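Here's the structure we're looking at; comments come further down.
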Amino acid sequence: MSVRVQTGPFDAQAEADALRAGDLEVGAVVTFVGTVRDLNDGDAVATLELEHYPGMTEKALTTIVDEARARFDVRGVRVIHRVGLLAPGDPIVLVVVTGRHRGDAFDACRFVMDYLKTRAPFWKRERTPEGERWVEARAADDEAAERWR
Amino acid sequence: MMRGAPDSQVSVVRLVYLARLREALGASHERYAVDGATTVGAIRETLRTRGGAWESELAPGRALRVAVNHDLATADTPVAPGDEVAFFPPVTGG
């Protein structure tokens, strides 16, 4: 599967190796790992809970991967997103792209992340010393996705 | 539009509320009666007439995303009996 949603951790290197395995046309492997930060809007973050919309999540991620494959000259794309309870430093999202050359592999990886940030139905809820709160969407994420239009 | 069901049987769509919106509205999902085909915008307007949090959270200026059958939708997107319509805040994954 090119798309997975899971509560447990992932092994980025193993996923990259698996995606590249046996494909000798691959000259570039781009791996992006997003991690939970310990500070947001000036407050210390103790834990992060990720909610998603089962059913739509997989469909949205698959659509984004399909679009990346159509737009860029890439060989393979894999996306893993974690849900549930996470702590600062925990890996939260993985995108691996294999391609013949680095240019399209880099672009496709960035494209997947920019679209995921605005179209995949995940929501973060933070626990800070001030209490719990839903993370607000950022305008910068919308602008990043707009660049690909 | 073809109506296979007898008139006494109400056609319904499933409404889903997620994340902060679910908490603000105090509801995660409901069966919602529709008279044949409608739109996302028409459902949103009708929900607003419930008043209270419904009126404020679903107000036109509020940033809100909608999906019909798991695809992102707009106010004009048609909704038919049997569809699932989800309302949620802008997403914050990644």
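The values are calculated or read from the model by the stated rules, or taken from the named source; none is laboratory data. Just so you know, these numbers come straight off a predicted model, no measurement behind them. Neighbour counts run over all protein chains shown; Cβ positions are idealised from the backbone, glycine included. All accessible areas refer to the heavy atoms of the entire protein, side chains included, with ligands and DNA or RNA removed. Shrake-Rupley method; radii C 1.70, N 1.55, O 1.52, S 1.80 Å.
Relative contact order for chain A: what is it in percent, counting Cα pairs under 8 Å that are at least 6 residues apart? It rounds to 32 percent for chain A. Gyration tensor analysis over the Cα atoms of the stretch B:11-88 returns equivalent ellipsoid semi-axes of 18, 13, 13 Å (largest first, whole Å). For the stretch A:16-24, backbone phi angles converted through the Karplus equation (6.51, -1.76, 1.60; θ = phi - 60°) give residue-by-residue couplings of 5, 4, 5, 5, 7, 3, x, 9, 7 Hz, Gly and Pro being listed as x. Placing +1 on the Cβ of every Lys and Arg and -1 on the Cβ of every Asp and Glu, with nothing else charged, gives chain A a dipole about its Cα centre of roughly 400 debye. For residue B:34, the residues 5 or more places off, or on other chains, whose built amide H falls under 5 Å of its own are B:11, B:12, B:13.
Would you work out the relative contact order for chain B, in percent, from Cα pairs under 8 angstrom that are 6 or more residues apart?
Taking the mean separation of contacting Cα pairs over the length of chain B, I get 36 percent.
For the Cα trace of the stretch A:67-146, dividing Rg by the Kirkwood Rh returns an Rg/Rh value of 1.05. Shape annotation for the protein assembly as shown: C-alpha extents along the principal axes are 63, 50, 31 Å, from largest to smallest.
The angle separating the long axis of helix A:56-71 from the principal Cα axis of greatest extent in chain A is about 40 degrees. Tell me, what is the 1.4 Å probe accessible area of residue A:134, in Å² to the nearest 10? Counting only protein heavy atoms, the figure is 40 Å². For chain A, the longest principal axis of the alpha carbon atoms and the long axis of helix A:102-119 meet at an angle near 40°.
Give me a single rounded figure for A:114-124: the average over its residues of other chain Cβ atoms within 10 Å of their Cβ.
Rounded to a whole number, the mean comes out at 5.
Taking 25 °C and 0.890 mPa s as conditions, the stretch A:13-63 diffuses translationally at an estimated 165 µm²/s according to Stokes-Einstein applied to its Kirkwood radius (Cα pairs).
A straight line joining the Cα centroids of the stretch A:91-149 and the stretch A:23-44 runs 10 Å.
The mean number of partner chain beta-carbon atoms within 10 angstrom of a residue's beta-carbon across peptide A:51-64 is 4. Note on B:84-91: average number of Cβ atoms from other chains within 10 Å of each residue's Cβ is 5. Simple point charges give the picture: +1 on the Cβ of Lys and Arg, -1 on the Cβ of Asp and Glu, and for the stretch A:38-98 a dipole about the Cα centre of about 480 debye.
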